[in-house]
1. For the pair PHE199 and THR157, what calculated FRET efficiency results from E = 1/(1 + (r/R0)^6), where r is the Cβ-Cβ distance and R0 = 30 Å, to the nearest 0.05?
2. In the range 2-407, if the dipole is taken from +1 on Lys/Arg beta carbons and -1 on Asp/Glu beta carbons about the Cα centre, which of TYR55, TYR279, ILE382 is farthest to the positive end?
3. In nm, give the distance between the simple-model label positions of ARG353 and ASN92, each being 7 Å from the Cα along the Cα-to-Cβ direction.
4. Where the centroid of each part is defined by its Cα atoms, how far is the range 69-119 from the range 241-286 in Å?
5. Projected area of the chain, taken from the Cα convex hull and averaged over every viewing direction, in nm²?
6. Provide the gained length on full extension for the span LEU23 to TYR108, in nm with one decimal, where the gain is 0.36 nm per separating residue minus the Cα-Cα distance.
7. Normalised by the residues of the chain, what does the relative contact order come to in percent, with Cα pairs under 8 Å and at least six apart?
8. Quote the charge dipole size of the range 254-411 about the Cα centre in Debye, to the nearest 20; the model charges only the Cβ of Lys and Arg (+1) and of Asp and Glu (-1).
Amino acid sequence: MFKRILDEKFIESSFIVLFFNFLVGALNYVYQMIIGRILSPEEFGAFISLVSITYFLGILSMTINISITNIASKLIAENKPVYGLIIYSMKNLIRIAMISTLLFFLAYKPISSFLKIYEFEYFVTISIILFIGFLLPIFLGILRAMYKFFEIGIFSTIASLTKLILGIFLTKFLKVLGALIGFVSFGLVSIILSSLYVFKKIKKEIYYENFKILSYSIPVLVANIFLTFPSNIDMLIAKHILSNYEAGIYASLTIFGKIVFFVSYPIASALFPYASRLYYEKGNYIKVLLQSILIASLLASLVIFVYWKYPDIVIKIFNEKYKEATNYLLSYGAAMMFFSISALFLNFCLAIRYYAQVIIFSSIVLSYIILIYFFSKNIYDIVTLFLLGNFILFLISFFSLIILWKKHSNL
């Protein structure tokens, strides 16, 4: 049984991804923990809300990354050069980045009014992050398709260290703005390192075809919207309906919830290119899916156990002024575990172009987000609805997995 689902090369890649994800995640956690100590709860709530906006804008970046990875995997499987794909993508995405940045500026007033954050310079900084987010995934997508997970990890680690040092230094003087500039430095360092490596390694042979980036990007975009919503929009809703102090407490809670997600879900970084290439080569892609779910479930469960057994210590490590979050830590962590496993399965479905799951996933997430917005009055309400919604999402995703497994049991 175990031999049927084990793939040594995939396991090696998975642990490389998990190692660097843990390292980068730890650096990011340290960054946000120190930022949380420097800023007041009110300032920290504003910072996390603004970071949540960058995650929403990052939907476009994730869509490009996944689309480039899928198309590059197809080209590599067919022994065709990827240089033409890079040039084609850069020409089009620079134009789209400029238009998107302009539209973001036009939306400044309604966004600032909703979040009750009116400093214009914060939104200028986010617009720079948005522009970088259109170009970086081109090179990361190529690296993923080439299975260069170690190189991606090294580049991300260097970029994270840059963000940590520069961001903390600037936060002491510029407060929230300094913390946001740290994210800009991460993007700039990442794009410089990854682009230099890619252009050094690939053949400069021009090959063009109808890459069909748009047709594939539409379902990917929808999926990424609802992959990003649950772990970020709850913070925006909390900032809108709660007091500034309560929003700060909830912000600390989301940090711990995202630990569960970022510990388990990044296995998708290895799953997607492997499943995608196996799909085009007509190989056994169900094997890597089952392996991914097993690894992700074990890692998420380990974090949840720590939250259940030592909630007071966990919160105290962050900062005692956020101790009110202790009462909701286990529930929020469990919600993120259910969501991350469901999201992993959705990522796999995108790799093999099984788009029915996109509709199922999106419908459930949209439903519980609406319920949270209209029926939540305090932190307890938000967390309870968030947990219930993600548990239902997990159950339905599980049944979809069984159906897909039986359908492809001959692989």
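1. On the way: r = 21 Å, r/R0 = 0.70.
The pair THR157/PHE199 has a calculated efficiency of 0.90.
2. About the Cα centre, the residue reaching furthest to the positive side is TYR279.
3. 1.6
4. Cα centroid to Cα centroid, the span is 20 Å.
5. Working: hull surface 74.6 nm².
Over every viewing direction, the Cα hull of the chain projects on average to 18.6 nm².
6. Working: separation 85, 0.36 × 85 = 30.60 nm, distance 3.44 nm.
Difference between extended and current length: 27.2 nm.
7. On the way: 542 pairs, mean separation 94.4, N = 411.
Reported as a whole number, the value is 23 percent.
8. Numbers: 12 positive and 5 negative charges, 75 e Å.
Taking the Cα centre of the range 254-411 as origin, the dipole is about 360 debye.
Computed from the coordinates by the stated procedures, all read-outs in this text should not be read as laboratory data. What you are looking at is a predicted structure, and each value in this text was computed from that prediction instead of being measured. Note that we place each Cβ from the backbone using ideal geometry, even for glycine, and neighbour counts take in every protein chain shown.
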